[in-house]
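Only the coordinates and a few stated rules stand behind these numbers; no lab work does. Not measured: the values here are computed from a predicted model. As a convention, Cβ positions derive from the backbone with ideal geometry for all residues, glycine included, and neighbour counts pool all protein chains shown.
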Amino acid sequence: MSATVKPFYCLRCGHRYRAEHEKGIVVERSCPKCSSNSVRLVPQEGAGRGASTDDD
Ligand SMILES: [Zn+2]
């Protein structure tokens, strides 16, 4: 049980949000805004570039 909160984004409407994500486990997700299931995990930036994935 080691779920962490990760940023996700919706391919359809571009909405970004955070949700729990457990490494190695694929869960079908739906966008809380448009209900599309085209939701992807936001790729993590490389270390040293600072946080640039703020939502809203
Ligand atoms: Zn959406």
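Net charge near residue 36: determine it from the other residues with C-beta under 10 Å of the C-beta of residue 36, scoring Lys and Arg +1 and Asp and Glu -1.
Values: positive: 12, 29, 33; negative: none.
So the environment of residue 36 carries a net charge of +3.
Starting from region 3-35, pick out the GluC sites (Glu not before Pro) whose DSSP state is loop and whose Cβ has at most 13 other Cβ atoms within 10 Å.
On the way: sites: 20, 22, 28; in loops: 22, 28.
Passing both the DSSP loop test and the Cβ count: 22, 28.
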